[in-house]
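Asker: Please see the structure below; I have some questions.
The values are calculated or read from the model by the stated rules, or taken from the named source; none is laboratory data. These numbers were taken from a predicted model, which means no experiment stands behind them. Every residue, glycine among them, receives a Cβ derived from its backbone with ideal geometry; neighbour counts consider all protein chains shown.
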């Protein structure tokens with residue numbers, strides 16, 4: 001709701017003198033009688049007039065307030081505004097291979113941290129179309145380019161680990177994202193690749209896919225998730241006697257290939 005003449009709301013300040021006059025008059029007109037003991041008087045029942053004597057000033061102030069609000073002309077409606085912007089088309093490419101279960105960021109795993117980072121990134125965008133590709137041994141489009149950030153966040157929240165084992169097809173993922181961007185009319189087209197591993201699957205080498213994307217006018221930014229070397233990783237175990245399945249954290253080698261990620265990001269630009 002808005003007001004046509006909000007400056008008239010200043011007349012509500014008239015409540016102050018009204019209240020002051022009423023309090024001053026009450027004190028001045030109140031009779032005074034001296035008693036040595038007023039316990040008996042306090043126990044006497046109060047009449048309806050005494051209990052409701054302040055209602056009149058409340059009603060007067062309410063009437064004045066409603067009159068001032070009416071003079072300010074409250075309005076409720078909708079206005080349409082056409083805004084022309086030149087946004088960027090962005091494909092987010094997220095690694096969902098099982099190696100993303102590593103606990104570098106304890107107590108959360110790599111995928112949880114990556115999803116939070118991507119969610120924060122989406123929240124900061126306004127007029128960019130954004131899509132989402134997930135990959136492991138193969139890749140697929142989770143969400144096409146869209147301005148509906150709510151549905152994009154919903155798709156992002158649904159992402160979990162795949163059954164593609166530890167394989168990571170970075171080149172295939174880049175190609176999938178580039179295929180979504182190649183026919184885009186936007187002047188700025190970007191791929192943001194987030195992965196924790198080296199390329200070890202797929203038929204397309206990462207640098208080949210990066211060079212093809214460059215030819216299509218697509219820029220690639222890479223994010224390496226986790227660290228190289230030994231990292232804690234939850235491994236599913238089974239008790240040979242009871243058959244009970246449980247998870248145990250073990251140290252495993254992480255193969256984050258930062259060199260290749262840097263080459264992908266700056267390949268022939």
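Asker: Would the range 208-218 turn up any residue that is assigned by TED's automatic domain parsing to the domain that holds residue 117, free of Cβ contacts under 8 Å to residues at least 24 places away in the same chain and not in a loop (DSSP other than H, G, I, E, B)?
Answerer: Restricting attention to the range 208-218, the residues satisfying the condition of being assigned by TED's automatic domain parsing to the domain that holds residue 117 are 208-218.
Going one step further and asking which of them are free of Cβ contacts under 8 Å to residues at least 24 places away in the same chain, we end up with 215.
The next check asks that each one be not in a loop (DSSP other than H, G, I, E, B); those that pass are 215.
Yes, there is a match, as at least one residue in the range 208-218 is assigned by TED's automatic domain parsing to the domain that holds residue 117, free of Cβ contacts under 8 Å to residues at least 24 places away in the same chain and not in a loop (DSSP other than H, G, I, E, B).
Asker: Filter the range 219-237 down to the residues that are in a strand (DSSP E or B) and within 30 Å of the chain's Cα centre (by Cα) and list them by number. Please lay out each step first, then the result.
Answerer: Just the residues of the range 219-237 that are in a strand (DSSP E or B), to begin with: 219-224, 229-237.
Result: 219, 220, 221, 222, 223, 224, 231, 232, 233, 234.
Asker: Kindly evaluate residue 77 against the criterion of being in contact with a strand residue (DSSP E or B) (Cβ under 9 Å, 6 or more places away or on another chain), modelled with pLDDT under 85 and over 30 Å from residue 186 (Cβ atoms). Give the steps one after another, and end with the answer.
Answerer: Details: in contact with a strand residue (DSSP E or B) (Cβ under 9 Å, 6 or more places away or on another chain): yes; modelled with pLDDT under 85: yes; over 30 Å from residue 186 (Cβ atoms): yes.
Answer is yes for this residue.
Asker: To continue, here is another question. With (1) part of a loop (DSSP other than H, G, I, E, B); (2) in contact with a helix residue (DSSP H, G or I) (Cβ under 9 Å, 6 or more places away or on another chain); (3) farther than 23 Å from residue 115 by Cβ as the list, and residue 187 as the residue in question, which single condition is left unmet?
Answerer: So residue 187 meets the others, but not (2).
Asker: Going through 234, 205 one at a time, which residue ends up being assigned by TED's automatic domain parsing to the domain that holds residue 108, surrounded by fewer than 19 Cβ atoms within 10 Å (Cβ to Cβ) and in contact (Cβ under 8 Å) with a residue 60 or more places away in the chain? So that I can check it myself, show each step before the final result.
Answerer: Values: 205 fails: in contact (Cβ under 8 Å) with a residue 60 or more places away in the chain.
After applying the criteria, what remains is 234.
Asker: Out of all the residues in the range 152-183, which are touching a strand residue (DSSP E or B) at 6+ places or on another chain (Cβ under 7 Å) and outside any loop (DSSP other than H, G, I, E, B)? Explain how you work it out, then say what you get.
Answerer: Applying the first criterion (touching a strand residue (DSSP E or B) at 6+ places or on another chain (Cβ under 7 Å)) to the range 152-183 yields 152, 155-156, 159, 168-170, 172-174, 176-178, 180-181.
Residues satisfying the conditions are 152, 155, 156, 170, 172, 173, 174, 176, 177, 178, 180, 181.
Asker: Then there's this: Quick one: how many residues across the range 243-264 are free of Cβ contacts under 8 Å to residues at least 60 places away in the same chain and not in a loop (DSSP other than H, G, I, E, B)?
Answerer: 11
Asker: Could we say that residue 82 is modelled with pLDDT under 80, loosely packed, with under 10 Cβ neighbours inside 10 Å, within 30 Å of residue 183 (Cα to Cα) and outside the structural domain of residue 236 (by TED's automatic domain parsing) here?
Answerer: It is true that residue 82 is modelled with pLDDT under 80, loosely packed, with under 10 Cβ neighbours inside 10 Å, within 30 Å of residue 183 (Cα to Cα) and outside the structural domain of residue 236 (by TED's automatic domain parsing).
Asker: So is residue 168 within 25 Å of residue 105 (Cα to Cα), in the same structural domain as residue 140 (by TED's automatic domain parsing) and at pLDDT 90 or above or not?
Answerer: no
Asker: Take the conditions in contact with a helix residue (DSSP H, G or I) (Cβ under 8 Å, 6 or more places away or on another chain), under 20 Å from residue 110 (Cβ atoms) and in the same structural domain as residue 137 (by TED's automatic domain parsing) and apply them to residue 193. Does it pass? Even if it seems obvious, please write down each step before you answer.
Answerer: Working: in contact with a helix residue (DSSP H, G or I) (Cβ under 8 Å, 6 or more places away or on another chain): yes; under 20 Å from residue 110 (Cβ atoms): yes; in the same structural domain as residue 137 (by TED's automatic domain parsing): yes.
So residue 193 fits the description; yes.
Asker: Shifting gears a bit: Just to verify a result, which residue in the range 156-178, among those that are free of Cβ contacts under 8 Å to residues at least 40 places away in the same chain and surrounded by fewer than 16 Cβ atoms within 10 Å (Cβ to Cβ), is nearest to the chain's Cα centre (by Cα)? Reasoning before the result, please.
Answerer: Step one: filter the range 156-178 for residues free of Cβ contacts under 8 Å to residues at least 40 places away in the same chain, giving 158, 163, 169, 171-172, 175.
Then drop every residue that is not surrounded by fewer than 16 Cβ atoms within 10 Å (Cβ to Cβ), which leaves 158, 163.
Values: 158: 15, 163: 28 Å.
Applying the filter and picking the extreme gives 158.
Asker: Looking at the structure I just gave you, is residue 240 in a strand (DSSP E or B) and either over 31 Å from the mean Cα position of the chain (by Cα) or more than 25 Å from residue 128 (Cβ to Cβ) (or both)? Lay out the reasoning, then the answer.
Answerer: Values: in a strand (DSSP E or B): no; either over 31 Å from the mean Cα position of the chain (by Cα) or more than 25 Å from residue 128 (Cβ to Cβ) (or both): yes.
No; evaluated as a whole, the condition is false for this residue.
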